[in-house]
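Novice: Just dropping this structure here.
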Amino acid sequence: MAAHLKKRVYEEFTKVVQQQQEEIATKKLRLTKPSKSAALHIDLCKATSPADALQYLLQFARKPVEAESVEGVVRILLEHYYKENDPSVRLKIASLLGLLSKTAGFSPDCIMDDAINILQNEKSHQVLAQLLDTLLAIGTKLPENQAIQMRLVDVACKHLTDTSHGVRNKCLQLLGNLGSLEKSVTKDAESLAVRDVQKIIGDYFSDQDPRVRTAAIKAMLQLHERGLKLHQTIYNQACKLLSDDYEQVRSAAVQLIWVVSQLYPESIVPIPSSNEEIRLVDDAFGKICHMVSDGSWVVRVQAAKLLGSMEQVSSHFLEQTLDKKLMSDLRRKRTAHERAKELYSSGEFSSGRKWGDDAPKEEVDTGAVNLIESGACGAFVHGLEDEMYEVRIAAVEALCMLAQSSPSFAEKCLDFLVDMFNDEIEEVRLQSIHTMRKISNNITLREDQLDTVLAVLEDSSRDIREALHELLCCTNVSTKEGIHLALVELLKNLTKYPTDRDSIWKCLKFLGSRHPTLVLPLVPELLSTHPFFDTAEPDMDDPAYIAVLVLIFNAAKTCPTMPALFSDHTFRHYAYLRDSLSHLVPALRLPGRKLVSSAVSPNITPHEDPSHQFLQQSLERVYNLQHLDPQGTQELLELTIRDLQRLGELQSELAGVADFSATYLQCQLLLIKALQEKLWNVAAPLHLKQSDLASAAAKQIMEETYKMEFMYSGVENKQVVIIHHMRLQAKALQLIVTARTTRGVDPLFGMCEKFLQEVDFFQRCFIADLPHLQDSFVDKLLDLMPRLMTSKPAEVVKILQTMLRQSTFLHLPLPEQIHKASATIIEPAGESDNPLRFTSGLVVALDVDATLEHVQDPQSTVKVQVLYPDGQAQIIHPKPADFRNPGPGRHRLLTQVYLSHTAWTEPCQVEVRLLLAYNSNSRIPKSPWIEGGEMSSQVETSIEGTIPFSKSVKVYIMPKPARR
Amino acid sequence: MPDIRVTPLGAGQDVGRSCILVSIAGKNVMLDCGMHMGFNDDRRFPDFSYITRNGRLTDFLDCVIISHFHLDHCGALPYFSEMVGYDGPIYMTHPTQAICPILLEDYRKIAVDKKGEANFFTSQMIKDCMKKVVAVRLHQTVQVDDELEIKAYYAGHVLGAAMFQIKVGSESVVYTGDYNMTPDRHLGAAWIDKCRPNLLITESTYATTIRDSKRCRERDFLKKVHETVERGGKVLIPVFALGRAQELCILLETFWERMNLKAPIYFSTGLTEKANHYYKLFITWTNQKIRKTFVQRNMFEFKHIKAFDRAFADNPGPMVVFATPGMLHAGQSLQIFRKWAGNEKNMVIMPGYCVQGTVGHKILSGQRKLEMEGRQVLEVKMQVEYMSFSAHADAKGIMQLVGQAEPESVLLVHGEAKKMEFLKQKIEQEFRVNCYMPANGETVTLPTSPSIPVGISLGLLKREMAQGLLPDTRKPRLLHGTLIVKDSSFRLVSSEQALKELGLAEHQLRFTCRVQLHDSRKEQETATRVYSHLKSILKDHCVQHLPDGSVTVESILVQAAAHSEDPGTKVLLVSWTYQDEELGSYLTALLKKGLPQAPS
């Protein structure tokens, strides 16, 4: 234990680990290690020149110091400090003192006196600043000690008048970190202790050095962060700083104003040069808006970002940010947005622009036009047009946040967001599309806006298109023309980029189900039906036709009159699609067709859902069979597994549950099959070959259990127990098979012991769940545990065998939400006949694009595997940045895989697939006693492996020999 | 009283022929040297005889600064330097230096070869003139001579456009040239630091306009082009060779790239190719996006935009063509227009303003039947669109720049008088600074109060610092020292050092003053009374009563003596050194008021 702790201290030299403090304090006396401090002392004494001493100190600083010897080292350093004349050495010593006082387990109050003492005699400004930094480290280490804090604040105040900006900076930092406002704490008569830190810091807002001004504002912000309430009086001071010459001051001042506006949103402030008064938050909002057109882009980014979080601002101020008050030749002019809106509402859409169309209208009163101090006026218009994309992104984000809290603002900012879809930087475009999606429940797109949105569907970037599909999924469209337009554009997109198929279908699914009434009048046109004539039956494999059908069927779900418009082949196609693309086509109540769903009321809850019932019933049927003859059991299991798998394909929402249960039943089936084998009846140990089936079954069960455990998200502890139990059974089976097939007893000893350890481990891990496992394999096993421990391997095997056969089939409780992790590799498509040629020995980059569903923490678990024809396999860990997160539970992997090989004579295929790495450590519940027992944790817990979870894609490559 | 004088020779309450004379602290600078597009006679160039009737220009001007390569800012340069005669330095940025001669040559060709003008500058003159050019970099401070320095800031109007700060000592003038405060597809926004010049000379083309967001216009433009191309129509975009053309090219190029479009885009050849070459070179002058991505691909290396050939106009299928000139009055753009005008699928987009009388203006005003030469009537069936892409700051932008630079006064040029009036009023009202808008030939005189820098010796400063607290900007402080003016440099040193430096002996200067007091008591008693009186009033000072009967306050000596004639009157002798003048005179005044009545 002690050794362990010491190791920890070594590792975390610079980190603050509070919990170990007392433990170490008790050991201080025992562990006397003179080496470190003594060596330092000798070194420093040896040093002849300041440069030498500095070298020694630098070397010393590279190695960590354990908490026990910190004090000794500090004494030596201090002693040397007094003697030293060279400021650079003193500086280094001062910095070391600060570093040392941060050591975990060391209480620095003992060196504080010395530090303050040397501070008073120090002349060099740099050393002074460093010493103050050291004091800051000491002060933050002792947050409880009020007296020390007071003293430090006092020291800081004393040095505030120093001529060096560095010293003043540090003093302000110290005040910000340690100063307190509550005067009640110090009841002593000491007047010096009662200081209004805020006022002191505030005085330095007008320091001559911009760095000090910045530090003062930062210190003020620090006070706020520490939970002290700032006075409203600093608002005016901060406002003055907004016109400072230096950008870092302005940037900090913007933050300060924001903080104050959040503290006192409702206070009233006067407007200078008029008698009016407005709310503080509105005033601050106007001021920060003004900073969006600052000269420095750093300030602009800062201002734009903060605007987003000012939700209390009044709506008319908010709406001003989008209005630039256009004029031309002193006449009021309408924006293009307003004109578009007017055109739309007047009913003449898509009129070409005429010369003078934007001719200004009424005269503007010259006196009333305010060009500068119009506060919030047009802040976002400026921000979105900014030169730097950082500012634009910040502005888009702010728009998003404000629009989420104010529906009317959302409506107004729509035009601007739509405009951003044309930004020159893809990141900005993407961001604005995402923003639009987030606010989409607040808005309805006008037709002309939709038009602009849809134009982006032709973008060559897949990211953009998919984001747009995602957006269309949750957009409200106002007219049937809009729906038609969207459909036409999506089909155009489909022909241009066939790979978008799935995404487009999904998008149309939502579009249809959201706007059934708008789709209804379009149906005849879309299906090209004719009242009198039969039209040609469309090609069922045409993705565009499927897309149309997906839209219609989803709309028909809530619109019962729609099926009347279908022609015969539509019904046939419905049946086909319902079967083949069940996740996109919902169940419909069709006239003249008997559907299971027709009996159920339309508003079915998932648990009353017939398919769910079916699932439950079939599972129950399986669990109820106890004493059927083996043949019958097997058949029933096989049947049920088939049903479940099919159900999973049909009902996407049940896919996870169905697959999960099917896998479990599969395991059980394998187990039963293995136990049915004839070999058990033969007494003598048999040849290896004959037990193939059993050992293969054991192996497969193991694999399946890992899949069950790690490939599904939403697996709860209840299930984990069952899975582990199944695995235990597989291991028992393995043991038995091995015992049967190997001669000699020696290897069995080890295996038996290992198995028993695992049983033990199982018991310890799942002790709470054991009562649920009545009558199971492990239940019986644990009953016999004492006997097993003492018996010989052969005996153990025999017992296990009987127990395996007798054990009952455990009921697998179904989790609420379960999803199977899956991955599809979109790129490379694996269809190319052109080999990727490259010179052998060099690398070729292969772009991999895949979508991942329901993968938790893909950054650490998903790997790419490349299998070369010679059997060589390579596992590549994609960078964390390669993963995108387009929606909940979905991830997208866009990465490059480097291939390389020696020269081949002809092109050959390599296989690329995705693996899901797992580590059994992560899933097992952490119980206190596991940590104590080191023995077993090494045995079981560190099983790592990978599960392939995507279809492999073949890539044709050809490494050519290098030309000489 | 020193002053700054500004005289616009051109661009005063007018657009075109920018040429502004500035004399600042004895230095004369000419800002821009442009020609006027509206005139073909002598009025097209500024009247340089205003500067000097019969002397050489070089003797009168210290330097010439050209803000950017547009002809209304540099068109008269060869005439000015070669024909009128100027040999001094001409400052401009590198891109301007590169592109300027191309445009001048083009201008010369049109004037001489097409219009057949005589007495125009020659190619050789352009070359000679360009030899006098000194190129400057952004934010580089160039010393024209010992006192005059200039510095360029980014203006964003066209490639290489710059604003210039002209500075002599502490007096400075900023000339903006043309600038743009909203970034576009290829250039960034103008930027200036808080340089607080005495005078800011700014353009005011859009003094009364607040412009809509650029994005709507861009989107509209792209949509129009895209729709036409998808219909299979042809798009003609008449442009001037430089500036907006590049912006539109970038816009279309990126759009084609993004949307994966295949229709060809052509650019009519000629001077554009040369100019495009320079756009590729001067990447540092472009906007963030182009600067950041040029390592992968230079945005000006157009993938989709190819050179145009006359024969292409008859090719079937959709295409987009940029052709010069921009107003459809002659040349290639007119030729193409005539070919395409009959088809309603086609479209012409006018990206800029058209002068009255040109074909461009006619079709924009809705004329559908045009009479061409030879009594031909051309029926225009193609769609006509107007898109305004302008790279001048609007009223808000101008105010923003004024706010950034914080000048002491503003002078408006390059705009119409009526519009300037409005902006002038706004500037005066919102910044509370003077604003001028002189007409051509009118001189504005601006009194300045230049601050004179004085060097102070460190010893003196430190001594002062030791005495008091930190310097406070809000309160003036009194300081004793000696000002040495030597070789036009000013230094403030302590008096000891000054004496030493000048080799002078120190003279003590004492003031003595007699104050008569009516006091019948003895001298010693009077002295004691004076002592106690002073002691009670001057609490901050050290007041001592010496054994010889005199009283000292710091170093001021006060002695009491009986009046020789009137024993009832005592004479107080107050004596102080020159350094204690303040305290001494205060003390005298105090004593003159008399002593308080002793509590006798």
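Rule-based calculations on the coordinates, nothing more; no lab input. This one's a predicted model, so the numbers in the text were calculated from it and none came from an experiment. With ideal geometry, Cβ positions are generated from the backbone for all residues, glycine too; neighbour counts draw on all protein chains shown.
Novice: For chain B, with the dipole built from +1 on Lys and Arg beta-carbon atoms and -1 on Asp and Glu ones, taken about the Cα centre, which of B:I250, B:H70, B:H414 lies farthest toward the positive end?
Specialist: After comparing all options, I get B:I250.
Novice: Amide H to amide H, which residues 5 or more places from B:L411 or on other chains are under 5 Å from it, using H placed in the peptide plane?
Specialist: Under 5 Å from the amide H of B:L411 lie the amide H atoms of B:L200, B:I201, B:T202, B:Y436, each far enough along the sequence or on another chain.
Novice: What are the trypsin sites (Lys or Arg not before Pro) within segment B:219-317 that DSSP puts in a loop, where the Cβ has at most 16 other Cβ atoms within 10 Å?
Specialist: Those that pass, being in a loop and sparsely packed, are B:K262, B:R297, B:K303.
Novice: In this model, which of B:K127/B:K274; A:K438/A:K480; A:K141/A:K170; B:K570/B:K592 are farther than 20 Å apart at the alpha-carbon?
Specialist: A:K438/A:K480
Novice: So what's the angle, to the nearest 10 degrees on a 0 to 90 scale, between helix B:458-467 and the longest Cα principal axis of chain B?
Specialist: Roughly 60 degrees, rounded to the nearest 10.
Novice: Just for chain B, what percent of DSSP beta bridges are antiparallel, to the closest 5?
Specialist: Among the beta bridges of chain B, antiparallel pairing accounts for roughly 60 percent.
Novice: May I ask you to list the aspartates and glutamates whose Cα is less than 19 Å away from that of B:K339, ignoring any residue fewer than eight positions away on the same chain?
Specialist: B:D309, B:D314, B:E371, B:E373, B:E379, B:E385
Novice: Distances over 20 Å make up what percent of all Cα-Cα pairs in segment B:1-156?
Specialist: 47
Novice: When each pair of different Cα atoms in segment A:723-838 is counted once in the 1/r mean, what is the Kirkwood radius in angstroms, to one decimal?
Specialist: 17.1
Novice: Is there a quick way to get the dipole size of segment B:297-402? I mean about its Cα centre, with the Cβ of Lys and Arg at +1 and of Asp and Glu at -1; what is the value in debye to the nearest 20?
Specialist: The calculated dipole for segment B:297-402 is roughly 120 debye.
Novice: For B:L504 and B:D87 in one chain, what is 0.36 nm times their gap in residues minus the Cα-Cα distance, to one decimal in nm?
Specialist: 145.2 nm
Novice: Moving on to the next point. Of A:R572, A:R727, how do they rank once you tally other Cβ atoms within 10 Å and put the fewest first?
Specialist: A:R572, A:R727
Novice: Which of B:N440, B:V225, B:I349 sits closest to the plus end of the dipole of chain B, meaning its Cα is farthest towards the positive end, when Lys and Arg get +1 and Asp and Glu get -1 on the C-beta?
Specialist: B:V225
Novice: Does anyone have the angle between helix B:244-259 and the longest principal axis of chain B? Alpha-carbon axes, 0 to 90°, nearest 10?
Specialist: Its long axis makes an angle of about 70 degrees.
Novice: Using the alpha-carbon atoms, what tilt in degrees (0 to 90, nearest 10) does helix B:214-231 show relative to the longest principal axis of chain B?
Specialist: Taking the Cα atoms of chain B, the angle to B:214-231 is about 10 degrees.
Novice: With r defined as the distance between the Cβ atoms of A:K496 and B:S495 and R0 fixed at 56 Å, what FRET efficiency is calculated, to the nearest 0.05?
Specialist: 0.05
Novice: Take the Cβ-Cβ distance between B:K292 and A:E827 as r, set R0 to 41 Å, and report the resulting FRET efficiency rounded to the nearest 0.05.
Specialist: 0.95
Novice: A further question on this structure: Place a point 7 Å from Cα of A:Q817 in the direction of its Cβ. Which residues in segment A:642-671 have their backbone N less than 19 Å from it?
Specialist: Backbone N within reach: A:652-661.
Novice: Grab the Cα-Cα distance for A:Q763 and A:A962, subtract it from 0.36 nm times how many residues apart they are, and report the gain in nm with one decimal.
Specialist: Going from the current span to full extension adds 65.6 nm.
Novice: Relative contact order for segment B:21-71 using alpha-carbon pairs under 8 Å, separation at least 6, rounded to a whole percent?
Specialist: 43
Novice: Please give the FRET efficiency for A:H530 paired with A:F571, using the beta carbon to beta carbon distance and R0 = 25 Å, rounded to the nearest 0.05.
Specialist: Approximately 0.90, to the nearest 0.05.
Novice: Treating only the Cα positions of segment A:816-876 as identical point scatterers, give the base-10 log of I(q)/I(0) from the Debye formula at each q in 0.14, 0.26, 0.27 Å⁻¹.
Specialist: Here the Debye-derived log intensity ratios amount to -0.57, -1.34, -1.37.
Novice: Restricted to Cα positions, what overall size does segment A:412-523 have along the principal axes? Three whole-Å values, descending.
Specialist: Extents along the principal axes, in whole Å: 39, 35, 19.
Novice: Can you list residues from other chains, or at least 5 along the same chain, whose modelled amide H is less than 5 Å from the amide H of B:M163?
Specialist: B:Y153, B:Y154, B:A155
Novice: Which values of log₁₀ I(q)/I(0), to two decimal places, follow from the Debye formula for segment B:308-421 at q = 0.10, 0.18 Å⁻¹ with a uniform point scatterer at every Cα?
Specialist: Per q value, in the given order, log10 I(q)/I(0) is -0.45, -0.92.
Novice: Looking at this model, which pairs from A:K496/A:K557; B:K224/B:K262; B:K214/B:K362; A:K754/A:K792; B:K151/B:K194 are more than 18 angstrom apart at the alpha-carbon?
Specialist: A:K496/A:K557; B:K214/B:K362
Novice: For the protein assembly as shown, build the charge dipole from Cβ charges (+1 Lys, Arg; -1 Asp, Glu) around the Cα centre, then report which of A:A467, A:V167, A:P961 sits farthest towards its positive end.
Specialist: Working it through, the farthest residue towards the positive pole turns out to be A:P961.
Novice: Something else about it: Can you show me the helix-derived [θ] at 222 nm for the protein assembly as shown, built from DSSP H runs with n ≥ 4 at -39,500 (n - 2.57) apiece and divided by the number of residues, rounded to the nearest 500.
Specialist: -13500 deg cm²/dmol
Novice: Give, as a single signed number, the net charge of other residues whose beta carbon lies under 15 Å from the beta carbon of B:R521, with Lys and Arg counted +1 and Asp and Glu -1.
Specialist: With Lys, Arg at +1 and Asp, Glu at -1, the net is -1.
Novice: A further question on this structure: Using a 10 Å cut-off around each Cβ of peptide A:419-429, what is the average number of partner chain Cβ atoms that fall inside?
Specialist: For this peptide, the per-residue mean of nearby foreign Cβ atoms is 4.
Novice: Taking the DSSP beta bridges in the protein assembly as shown as the whole, what percent of them are antiparallel, to the nearest 5?
Specialist: Approximately 70 percent, going by the DSSP bridge assignments.
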